[in-house]
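Let me begin by presenting the structure, written as C-alpha cells, before commenting on it.
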Amino acid sequence: MASAVVPEVALQHGNARPMPAVGMGTAAFPATLEKAREAVLAAFEVGYRHFDTAALYGTEAALGEAIAEATTRGLVASREEVFVTSKLWSTQCHADLVLPSLRESLRNLQMDYVDLYLIHFPISLKPGPMAFQVKREDAVPFDFEGVWRSMEEAQRLGLAKAIGVSNFTTKHLDKLLAAATILPAVNQVEMNPVWQQRTLRNYCAKKGIHVTAYSPLGGQNWAGDGNAVLKSPVLAAIAKARGKSVAQVSLRWIYEQGLTPIAKSYNKERLKHNLEIFDWELTEEDHLKISQIPQKKIVLATDVFSPDGEFTSVDLSDMEIVEE
Ligand SMILES: NC(=O)c1ccc[n+]([C@@H]2O[C@H](COP(=O)([O-])OP(=O)(O)OC[C@H]3O[C@@H](n4cnc5c(N)ncnc54)[C@H](OP(=O)(O)O)[C@@H]3O)[C@@H](O)[C@H]2O)c1
C-alpha cells in the first residue's frame, strides 16, 4: 500500500516542528494496548506522522511502543519525524501537578518530549485517580494563571515543544491570555460541518492559535444518538457529486478552513482513505451548502460529570464548552 504525502502546517507559537495536516486520533474506550499499537503501525504504513493521545485515553504506552517499532522497522528515520500530542487530565489541572503529569506521559510514551501538550478541558478537579465520569462536588475553581505558568515551564524545559489547550471557548481563552507570556499554539476542539464554531475560529485566527478538529467524522457515538456527520444528507449529496465519501468531504472541508482534523480509525483501509483528501477541492456551492447545515454539538462539559450530586465550589456555566 503506497503511503500518502501529507502537507504540513507551521504553528505560530512555541518551537514544534510543522504539524502534518491530518492527525490520527487514538481514543477508543475501552483502550486495548495491542489494537492501538497495531492501528498506529498501520497508520505509519499509509503515511500518518501526526498522532493524538491523552493521559485519559490510556493509549500513550501503545503509541510509544508503535513509534519505537516504526523507527526500528525503518518506517521513519527517527522520532523527530513524528508529531505527538498528549493532554493533561483535569485531576492534574493544578500548578504543582502539571510537570509530574507530563513526565509520567513521557515515561508512558518512552520519549524525552512531546511536540504538543494540551490542557484537556477547562475543568479542574480535586487531585486523585483519573476517572470518567467524575463527581460534581470534585470540580474546583480553575487556576488559569498557575496552571498556565507550569505549562510554560514545560515548554521552557523542552519537555513540550509547544503548549496549548483543548475544549476552550473564547471566554476561557480570554482568562488564559490575560496571564500568558507564551501563547497557546493550538486549541483542539470538536469541529466538523455539523459543529462549525465560527466565533471561536475567528478569535483563534486573530491570536495565531491553530485550531485542530476532534471528532471530524462526527465522533464514536458514545452517547448512542447516532452520527450527525456521516448521516448528513447535505454531505451525502456533495460526496456523491464529487465521487468521494462523506468522511472525505468532512475532512476536506475542515482542511479548506485552514484547520487540522484529528480523525480516529483503527482500520487500515479507512486510515488510508482519510488521507486521500489533498488532490481535489470542494466548490463554492459546496461551501455554501455546508455553511447552512443545522448545528449540533456532541461533547458537553456535563459529560465529564455523573448526573447526581452538586457543584459545590464552581458553576457548570464556567466550564461550559458550547459556543457556536
Ligand atoms: N480533546 C478532546 O476532548 C477530544 C475529544 C474527542 C476526541 N478527541 C481526539 O480526536 C480523535 C478523533 O475523534 P473521535 O474519536 O471522537 O471521532 P472521529 O474521528 O470523528 O470518528 C471516528 C469514528 O469514525 C469511524 N471512521 C473513521 N474513518 C471512517 C471512514 N472513512 N468512514 C466511515 N467511518 C469512519 C471510526 O471507526 P473505525 O475505527 O472502525 O474506522 C470511528 O468510530 C480522538 O480519537 C481523540 O484522539 C479529543
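The values are calculated or read from the model by the stated rules, or taken from the named source; none is laboratory data. The shown structure was predicted, so the numbers you read here are calculated from the model rather than taken from an experiment. All Cβ positions, glycine included, derive from the backbone under ideal geometry; neighbour counts span all protein chains shown.
Of the conditions (1) of a type in the set (S, T, N, Q); (2) surrounded by 12 or more Cβ atoms within 10 Å (Cβ to Cβ); (3) assigned to a helix (DSSP H, G or I), SER317 fails just one. Which one is it?
(2)
If a residue must be part of a loop (DSSP other than H, G, I, E, B), over 21 Å from VAL186 (Cβ atoms) and either touching an Asp or Glu at 6+ places or on another chain (Cβ under 9 Å) or without any contact (Cβ under 8 Å) to a residue 12 or more places away in the chain (or both), how many such residues does the range 74-119 contain?
6
Looking only at the range 301-323, decide whether some residue is at positive phi and small (Gly, Ala, Ser).
yes
Please state which of the following conditions LEU33 fails to meet, knowing it meets all the rest: (1) within 17 Å of VAL114 (Cβ to Cβ); (2) modelled with pLDDT under 95.
(1)
Among the residues of the range 1-13, what is the count of those that are part of a loop (DSSP other than H, G, I, E, B), at pLDDT 95 or above and surrounded by fewer than 21 Cβ atoms within 10 Å (Cβ to Cβ)?
5
Out of all the residues in the range 224-240, which are within 11 Å of the ligand (Cβ to nearest atom) and closer than 22 Å to PRO30 by Cα?
ASN227
So which pairs qualify, if the first residue must be in the range 301-324 and closer than 12 Å to THR170 by Cα, the second must be among the basic types (Lys, Arg) and in a helix (DSSP H, G or I), the Cβ gap must be under 8 Å, and the two must be at least 6 apart or on different chains?
Between residues of the range 301-324 that are closer than 12 Å to THR170 by Cα and residues that are among the basic types (Lys, Arg) and in a helix (DSSP H, G or I), the close pairs are GLU323/LYS171; GLU324/ARG198.
Could you look through the range 58-81, keep only residues that are of a type outside the set (Gly, Ala, Ser) and crowded, with 23+ Cβ neighbours inside 10 Å, and pick out the one that is farthest from the ligand (Cβ to nearest atom)?
Filtering first and then ranking leaves ILE67.
Among the helices (runs of 4 or more DSSP H) confined wholly to the range 232-279, which include 2 or more residues that are at pLDDT 95 or above, hydroxyl-bearing (Ser, Thr, Tyr) and crowded, with 17+ Cβ neighbours inside 10 Å?
Working: elements: 233-242, 246-256, 268-273.
Answer list for the range 232-279: 246-256.
Sort out which residues of the range 161-198 are within 16 Å of the ligand (Cβ to nearest atom), within 17 Å of LEU116 (Cα to Cα) and assigned to a strand (DSSP E or B), and write them in order of number.
ALA162, ILE163, GLY164, VAL165, SER166, VAL186, ASN187, GLN188, VAL189
Which of (1) part of a loop (DSSP other than H, G, I, E, B); (2) free of Cβ contacts under 8 Å to residues at least 24 places away in the same chain is the odd one out, the single condition TRP222 does not satisfy?
The failed condition is (2).
Quick one: count up the residues across the range 260-288 that are more than 9 Å from the ligand (Cβ to nearest atom) and polar (S, T, N, Q).
Qualifying residue count for the region: 2.
What is the residue count in the range 217-231 for residues that are at pLDDT 95 or above and in contact with an Asp or Glu (Cβ under 9 Å, 6 or more places away or on another chain)?
1
Could you list, ordered by first residue, the pairs with Cβ atoms under 9 Å in which the first is in the range 248-274 and under 16 Å from ARG201 (Cα atoms) and the second is among the basic types (Lys, Arg) and more than 8 Å from the ligand (Cβ to nearest atom), at least 6 apart or interchain?
So the pair list comes out as GLN257/ARG201; GLY258/ARG201; LEU259/ARG201.
Just to be sure I understand, how many residues within the range 43-57 are within 13 Å of the ligand (Cβ to nearest atom) and not in a helix (DSSP H, G or I)?
Of the residues in that region, 6 qualify.
Against the condition crowded, with 23+ Cβ neighbours inside 10 Å, closer than 23 Å to LYS161 by Cα and either in contact with a helix residue (DSSP H, G or I) (Cβ under 9 Å, 6 or more places away or on another chain) or not hydrophobic (A, V, I, L, M, F, W, C) (or both), how does SER86 come out, does it pass?
So SER86 passes the test.
Between a first residue in the range 185-209 that is touching a residue at least 12 places away in the same chain (Cβ under 8 Å) and of a type in the set (Ser, Thr, Tyr) and a second residue that is assigned to a helix (DSSP H, G or I) and away from the ligand (no atom under 14 Å from the Cβ), which pairs have beta carbons less than 7 Å apart while being 6 or more apart in sequence or on different chains?
Correct list of pairs: THR199/THR170; TYR203/THR170; TYR203/LEU173.
In the range 83-105, which residue that is hydrophobic (A, V, I, L, M, F, W, C) and closer than 16 Å to GLY158 by Cα is nearest to the chain's Cα centre (by Cα)?
VAL84
Would you check if there is a residue in the range 132-142 being buried (at least 22 other Cβ atoms within 10 Å of the Cβ) and within 16 Å of the ligand (Cβ to nearest atom)?
There is at least one residue in the range 132-142 that is buried (at least 22 other Cβ atoms within 10 Å of the Cβ) and within 16 Å of the ligand (Cβ to nearest atom).
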